[in-house]
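As structure tokens, the structure follows; a few thoughts come after it.
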Amino acid sequence: MSGPQREKQLWLVATFPTTTAAITMERLCGQLGLPGRLIPVPRSISASCGMAWRAPEDAREPLETMARDHALPVEGWYYVML
């Protein structure tokens, strides 16, 4: 018997070429007060690294700007129902 399922919602998911890049994203977002958290890469996305960054769907612009300003390699930006 399973409990009630939570409703899926649209999230912004960033994938990275390496685990180091994903961990750097976590560190920088924490320092700069940007939203999100590390998650396993969703099955619907193929990536080289097993970690991704999940954030609210409206956070793309500040996250992309931060990644660009810090030369953080992001493999892709996706909108995914999770």
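No value in this document is a laboratory result; all are computed from the given coordinates. This is a predicted model, so every value here is computed, not measured. Virtual Cβ from ideal backbone geometry, glycine too; neighbours counted across all protein chains shown.
Worth a mention:
- Each 5 Å bin from 0 upward holds the following percent of the Cα-Cα pairs of segment 33-74: 5, 20, 28, 27, 17, 3.
- Counting only Cα atoms, the size of segment 10-81 along its three principal axes is 29, 24, 16 Å, in decreasing order.
- Once C-alpha pairs closer than 8 Å and six or more residues apart are averaged by separation and normalised to the residue number of the chain, the relative contact order reads 47 percent.
- Spacing of the modelled spin labels on residue 44 and residue 71, each 7 Å from Cα toward Cβ, amounts to 3.5 nm.
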